[in-house]
1. For segment B:336-370, how many residues meet the condition of being free of Cβ contacts under 8 Å to residues at least 60 places away in the same chain and among the hydrophobic types (A, V, I, L, M, F, W, C)?
2. For B:S631, only one of the following conditions fails: (1) part of a helix (DSSP H, G or I); (2) farther than 27 Å from B:D697 by Cβ. What is its number?
3. For B:D527, state whether it is in a helix (DSSP H, G or I), within 28 Å of B:K367 (Cα to Cα) and acidic (D, E).
4. Quick one: B:L163 ticks every box in (1) at pLDDT 95 or above; (2) in the same structural domain as B:T8 (by TED's automatic domain parsing); (3) surrounded by fewer than 19 Cβ atoms within 10 Å (Cβ to Cβ) except a single one, so which number is it?
5. Of all residues in segment B:258-302, how many are more than 10 Å from chain A (Cβ to nearest Cβ), part of a loop (DSSP other than H, G, I, E, B) and not hydrophobic (A, V, I, L, M, F, W, C)?
6. Scan segment A:46-67 residue by residue and report those that are crowded, with 18+ Cβ neighbours inside 10 Å, among the aliphatic types (A, V, I, L, M) and within 14 Å of another protein chain (Cβ to nearest Cβ).
7. Looking only at segment A:172-213, which residues are of a type in the set (K, R) and part of a helix (DSSP H, G or I)?
8. Quick one: in segment A:68-106, which of the residues that are part of a loop (DSSP other than H, G, I, E, B) and more than 10 Å from every other protein chain (Cβ to nearest Cβ) is nearest to B:K197 (Cα to Cα)?
Amino acid sequence: MNKKLSFQNIILNLQSYWAGYGCALLQPYDTEVGAGTFHPATVLRVLGPESIWKAAYLQPCRRPTDGRYGENPNRLQHYYQFQVIIQPSPHDIQNLYISSLNAIGLNTKDHDIRFVEDDWESPSLGASGLGWEVWCDGMEITQFTYFQQVGGIEVKPVASEITYGLERLAMFIQKVENVYDLDWDGVDKNQGGKTYGDIFLQSEKEFSAYNFERSDASILLQHFIDAEQECNSLLSDNKNLLPLPAYDQCIKASHIFNLLDARGMISVSERQSYILRVRQMARSCCLAWMEK
Amino acid sequence: MEDYKKSTGDLLVEFFSEEVPARMQFQSGVHLEESFKKAFDKRDIRYGEIEILTGPRHLAIIIKQLDLKQQDQIIEKRGPRSDANEKALNGFLNSNDIDLKDTEIKDTKNGKFHFYIKKIKGLDTKKIIPEIIHEITYGFVWSKSQRWGSTDLRWARPLRNILLLLNDEVVEGELELGNSEVIKFSNYTYGHRHYDKKIKIDHISCYKKILIKNHVILNRDDRKYKISYDLEALLTKNKLSLLDDPLLLEEVTGLVEFPNVMLGSISNEFMSLPPEVLSTAMKVHQKYFSTIDHQNNLAPNFIFVANSLSDTKRDATVVEGNERVLKARLSDANFFWESDLSKTFEYWNDKLRKVVFYEGLGSVYDKTLRMSKISNFVSKAFNVNPSLASQTALLSKADLASEMVGEFPELQGVMGGYYSDLIGYQNEISKAITEHYKPRGALDSIPKTNIGGMLSIIDKIDTLTCFFVIGKKPTGSKDPFALRRSALGIVQIMIGFKINMTMHELFSNSLNLHNNVSKALETELMDFVLDRLRIILKAEGIKLDVIESILTLGIIHKLPFQIIYKRIATLSDIRNTENFKVFLVNFKRLNNILKSSNILKFSNFDINTDLFESPIETQLFQAINDLKLVSEKYQFNLNNQEYFLNTIKELQTPINLFFETIIVNVENEAIKDNRLKLMFSLRELIIKYSNFDIIED
């Protein structure tokens, strides 16, 4: 019987599948983000300048509140998404997606694949779209979205975004019930092969402790203010706009907000105002990007 | 004969798109039918029977006996009078670009006029259809819709194909999507998503059959029936029954093209979780049906509806996959459960201090403090110990801070009940917390326990008061805080628990917890709640005039609720009796005389018996005094409302006698005024029960 695809092979196969389709293969963005969408290759690029934009990339994501000290078999504060963004959305995008599943060893003919309504919204990016979560035998393996708005600006033409939740997908493909048991490299254990747990368990423990207990709220608050200030200053001169560096600061502020949230430092009423502040930054960056 | 046969034909239009959300499918079918009817009616094209078919990707309409030609249209334009001057006539001719010979003179009831009668030959329906499709698609109302690619058109999800046959032939034409993209009308569609086979449709009559052959059941009812039928068979085979959930069945019907109903098992390790947690986790995320065993306990099996075709090997994989997903979901739920069990209500309440209830209304914890204060004034009516009531109020919202409710908001209250029970609070407290969100709408039942009823009502009193105070009362169809439902809940509980408090008693204390509350706001709030009573009574079949006659009483806000309820019921019961009708006629006569008199200018209403000229007056005066005694003794006495009303009704005899024998408008002003005062006193006593003048004869 064929050996199940390893985690890294799933990534490699997705990369070659979408590269084969004609996507530019990009690398993860090098700062902490909450989702692959935050990558400037998605947020800014769908606003132009080209009306055709096809890209695919892996993106490690951080969701501090989802940390479980490595004790929950399904929840992680750091995980991987594989992101495909194609603009304008092609008419056969659903079928392209289904074929991609077959490319990573998930023979769709043997399963129950369904597209279940799940509209996506990112309040802090001022972004929204309509689409589905894709189910495979009842398991949500992908988020599929037609981008309608980013930074409060209409996306024209519409871009289709496909976000694979790689851990879930790999658990499904490898038939593993605990994320830490995932085979990472396809190498035998006694040959030095590594599991997901070998690589990330310690990290989950430490970062959960950091996110929930040890982060210094006053430092984080200052970081947030600094990032916001820097972002605004980079966009202050209309003749000399720097939307890309400004957007970096916006992403940082967003992550800091998530850290403060995990620390329980943000009340529900403050929450809304923080989200609005990040959204304001995102919007300014998007407008500046379009300006250039 | 040939011509006759060809005068009508069948039309099939199918909009094929990517998966449309389940909740929109049914409505979109209804809307499609209305749109086509409107489009054809407008153009004078007649049609026969219409059939609507909806599935996740197909939205189709079949119209039988459609006119193949539009009716000839006659447009009649009236010009100037036949004897009008030349200038007027020429103006008319020029503006219509016609000669005099195109007009004729016609007689109307207003005289003779020039008429221009234009006959327009009806067009071929197939020539008009493209325009109709454009009109319908661009005017289509979805609750939420999107653009895709470079299109301008909006649809629930991208529209990919339009199958359009008239008399089994493709109608030539296309739909513009914007930016030079089009969908050409075609004679094909696609089968089940699993195969995505392109299928040619040659005959409308075979359309549904061909799709079924390709594993798409297009008729929503057929699909639902198949699910129900297969579900029943599975249940019987496994000696289970269903935790009934009609809404879930509707939703699932919209998630599959060809239902495949299967049974899965729940790992034993999770069966110790509360059944509500299990069924909610299964339903909300996974759309699984819960099952119950013969002892009415949740069984370790779930039922789900796949969209895959039945195939032994694949079914096994699909079941196994779904079981694994559920296991992951439930281990999450288990994690929340375990983690919540290590917490206390004090810990959660402390967290709630930081959770804003609504801007300007403090935290959720503040809400419980207000509820506790309100409970002091309400607990007695529910026969609940005041300190127990207050304690329960303070604990009631703690579960909102728990992890389980964070994940499953619909378990609010239920989880609080479990946690309260496990921590060891009194049984009554736990029950009250569990049921205090009830009734969740007009069809839901009210709480069972007194303390649950009390907790529910004070929660709703506080919510209503708060949002009215900050000016967020519902307007028109907008009611974002579901205040109408809260008010309805209050009324349902007042009725169910036979609570005899007045509106004023219910709300004055909760309003006192806020600053600067105007009298007008208080009145508005109380009327808002009474408006729900009006709706409930109307739904029970009570005539509006009877309801209004009581609800418009000046003291309505200080009239105990059960008296209001009883009065309306009693009045409604006798409203159609002959006796009452006679009374009503006499009362209205009395009322009309008073209305047209100058009685309101009188400085006093004292009746001088010395001015009586007839024993009839004395008799009426006696009746007034009797009624006064009855009214003083019984008007606020719940058990004697019927007696009170009957006493009023019996007055028909003395009133009638009075009118028959006594002339009010006599010359002697003193006597006349005295008689008016007599009638006035009588009316004032009568309308202590109800404003009878509102009741229709």
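1. Residues flagged as free of Cβ contacts under 8 Å to residues at least 60 places away in the same chain and among the hydrophobic types (A, V, I, L, M, F, W, C) within segment B:336-370 amount to 6.
2. For B:S631, the exception is condition (2).
3. Working: in a helix (DSSP H, G or I): yes; within 28 Å of B:K367 (Cα to Cα): yes; acidic (D, E): yes.
So B:D527 passes the test.
4. With respect to (1) at pLDDT 95 or above; (2) in the same structural domain as B:T8 (by TED's automatic domain parsing); (3) surrounded by fewer than 19 Cβ atoms within 10 Å (Cβ to Cβ), B:L163 is out only on (3).
5. Qualifying residue count for the region: 9.
6. Passing the criteria: only A:V46.
7. Let us first name the residues in segment A:172-213 that are of a type in the set (K, R), namely A:175, A:189, A:194, A:205.
Within segment A:172-213, A:K189, A:K205 qualify.
8. So the first thing to find is which residues in segment A:68-106 are part of a loop (DSSP other than H, G, I, E, B), and the list is A:68-77, A:88-92, A:104-106.
Now narrow it down to the ones that are more than 10 Å from every other protein chain (Cβ to nearest Cβ): A:69-70, A:76-77, A:104-106.
Working: A:Y69: 48, A:G70: 45, A:L76: 40, A:Q77: 42, A:I104: 23, A:G105: 23, A:L106: 20 Å.
So the residue we want is A:L106.
The values are calculated or read from the model by the stated rules, or taken from the named source; none is laboratory data. Keep in mind that what you see is a predicted model, and the values were worked out from it rather than measured. Please note: Cβ atoms are built from the backbone with ideal geometry, for glycine as well, and neighbour counts cover all protein chains shown.
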